[in-house]
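Please treat every number below as a calculation from the coordinates, not as lab data. In this text, all values refer to a predicted model and were calculated from it rather than measured experimentally. In this analysis, Cβ positions are derived from the backbone assuming ideal geometry, glycine residues included, and neighbour counts consider all displayed protein chains.
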Amino acid sequence: MRDVFISGIGIHAFGRFPDKPYQAMGLEAAKMALDDAGVAWKDIQTAYCARMFLPATSGARILTQMGRTGISIADVEAACASGGVALRQAYMAVAAGFVDVALVLGIEKMPRGFMDPRQLYEDWQIEMGLSQNPIPWAIRARRHMHEFGTTEEQLARVAVKNHRNSVHNPYAMYRKEFTLEQVLASPLVNDPIHLLAVCAPNEGAAAVVVCSKEWAAKSANKPVQIAASVHRIGRYGHFSVPIYSISARQENTHVSEWTANLAYDMAGIEPQDLDVVELQDTDAFCEIEAYEHLGLCPAGEGGRLIDSGDVDIGGRIPVNTSGGLISKGEPVGASHIGQVWEIVTQLRGQAGARQVEGARLGLAHVLGAGGNCAVTVLKT
Amino acid sequence: MGAIKTIRDDFFSEPRDDIAAIHLMGSACGDCAEVSLGRPPACPNCQSEALSPLPLGRTGTLYSYTVVRNQPPGDYKGATNPFVPYAVGLVELPEGLRILCRIDAALDALTIGAPLTLSIHPYYQNADGETVLSYSYAATETA
C-alpha cells in the first residue's frame, strides 16, 4: 500500500444560507481545496461526495460545474460518519494505486430544528415519540451521571469551552461565548441536555484533495499524511439509533473505542501521542463520553477531564479547537471533512488565535445513527 | 372500540381481543440465549436463525431515562394541543434485555432502579377507524 496525503483543503462556512444553493456552496469549498493543493479540476481522477439530506448525485451536480471530465463521482452516506467514509474511499483508491489524485467533498443543507426523523426512524417510533435525536445521548448521560458522578455543570463546561473556541474560527456558526450559567439556564431539550449544549443541524461544505506522495510534493501548501482512516458500525450490544431493545447481559466495546483502537494500530500510535483532537460533540455529553472512548482519559473520568482544563487550547490535549459541532453546527455530510479541515490547519500551523503550539499529530472522530463511527488520524 | 391494531405487530402477543391479556413478545436465540424484542430474522449477536418466541414478563426496572421537552418532529401521535412533556427510558427486564420506550411516571419522580410495570393501551385511531395499541412501562403502584 502507498502512503496517502491531503495536499489541499477548502471550506464553506457552517451556518444558514437560505439564498445560496448547495451547488454554489459545494463549488466554493471544492475550488478552495483545488487551489490550496495547486491542482486543477482536470487533474482529479475520482471524487466522492458525502451528504445525507441532499438530492441524488449531488456530488456530480456540484463538481461537473467545473467541467464534465467524465471521472467517477459517487455520493456516499453513512449518517454522521458520511465524510469519514467518503474520505476512506479516496484513501483506499490512492493507497491501492487505482488513482493518484482524488477529491472528497462533504456538504449538507438542512432545515432548522430537529432532523427529519424519517431519515433514521421507523414510522411506529416516530408515532410513539422515540424519534427525537438527543434521546439516546440523554439516556446515556443520565446513566453516566448515576455510575460515575458526572455533573450537569461538567456537561455545561464542555459547551462553554467549545463556544469559546469558536470565537476564533471564522467558519463556525455561533462564534459567541456563553457562561456556565447561561448554558445551564438555557431550556432543557432532553434532560440533562440543555439547548446551548447541543449541536444544531445546519448547512456547510468542506473539501480535501487526497493524493499520492509524488503529488503531495507538488502541493501549493503543506501536505499532511493520512496515518489512519477507519469506519465501523456498532456491534451487538451497542446503544445506537434506532434500536428496539439492547442486551442487558453483554456490552461489546463501544464503537468509538473499537474504531479508535483500530486507527491507533493502523497509525502505530497511542492516544497520548495525539496533539489535537476534533471529536463528535452532538451534545456536551457525547464529548465527555468520547474522551473516554478515544482513550484521552480512563472510563468514567470524562467529567473530571473537562474540569482539569487539559482539553482547552494550551492544555495537554486540546479538543474541538474549531468550536466543535456545538458551535459550528452539524451539516451532517460536511461534518467530518470540516473536522479534517481543522486538523490539517492545526498541523500546518495555520490556525491563528486557536493554534495548538507544535501540533504534529491529530485525530478526527465522528459518531452517529446506526452506530456509524469514523476515525481519521493525520500527521505531519 | 372497533378493530384492534398494534403499533408494531411482532412486539405484541396474540390474541388481541382482551387487551389486559396482551404482553410483549421477544425472541430467544437457541444458540447464544440472547433475547431481542420482536422477531428479528436472525440473532443480532451470533447470526443464528434458531430463534424461538419468548413471552416477556410485565415487570422491569428503570435503567436510565430522559424527558422529551419539545414536541418531536414528524407524525407524532401523542398529545400535541397542547404538547405534554413525557419520559423515555430503557427498561431492564429479567429476561436479559433493555427495552427503549415511554415511561409513564411523574417527571420529577423518575429514579434509576425504580420498579416498572408494562402498560398496553389504546394510543390513537388510524384513518380506517381502527384502534392502535401501544406499549409503555409505568411506575409500579405500591400497595
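Below, the figures for the structure above:
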| item | result |
| --- | --- |
| Candidates per GluC sites (Glu not before Pro) in the range A:127-162, loop by DSSP, up to 10 other Cβ within 10 Å | none |
| Highest average packing first - B:129-139, B:76-86, Cβ atoms within 10 Å | B:129-139, B:76-86 |
| Test item: A:136-143 mean partner chain Cβ contacts at 10 Å | 5 |
| Lone cysteines, the protein assembly as shown (no partner Cβ under 4.7 Å) | A:CYS49, A:CYS80, A:CYS199, A:CYS211, A:CYS286, A:CYS297, A:CYS373, B:CYS101 |
| Chain A: antiparallel DSSP beta bridges as a percent of all, rounded to 5 | 70 percent |
| Residue-by-residue Karplus 3J(HN,Hα) for the range A:179-192, coefficients 6.51, -1.76, 1.60, Hz, glycine and proline x | 7, 4, 5, 5, 5, 5, 8, 6, x, 6, 8, 10, 3, x |
| Footprinting exposure proxy for A:MET266, B:MET25, A:MET128 (fewest neighbouring C-beta atoms within 10 Å first) | A:MET266, B:MET25, A:MET128 |
| Structure-based [θ]222 nm, chain A - -39500 (n - 2.57) summed over DSSP H runs of at least 4, per residue, nearest 500 | -10000 deg cm²/dmol |
| Of A:LYS31/A:LYS109; A:LYS20/B:LYS77; A:LYS42/A:LYS328, those spanning more than 25 Å from alpha-carbon to alpha-carbon | A:LYS20/B:LYS77; A:LYS42/A:LYS328 |
| Gaussian network model of chain A, Cα within-10 Å springs - most flexible of A:GLN225, A:GLN132, A:GLN45 | A:GLN132 |
| C-alpha center-to-center spacing [the range B:1-27, the range A:172-238] in angstrom | 44 Å |
| Cα centroid of the range A:337-380 to Cα centroid of the range A:258-285, whole Å | 10 Å |
| Test item: A:184-195 mean partner chain Cβ contacts at 10 Å | 3 |
| Protection proxy ranking of A:81-87, A:133-139, A:60-66 - average other beta-carbon atoms within 10 Å, highest first | A:81-87, A:133-139, A:60-66 |
| Magnitude of the charge dipole, the range A:38-101, Cβ model with Lys/Arg +1 and Asp/Glu -1, debye to 20 | 140 debye |
| Alpha-carbon centroid distance for the pair the range A:1-75 / the range B:57-104, whole angstrom | 42 Å |
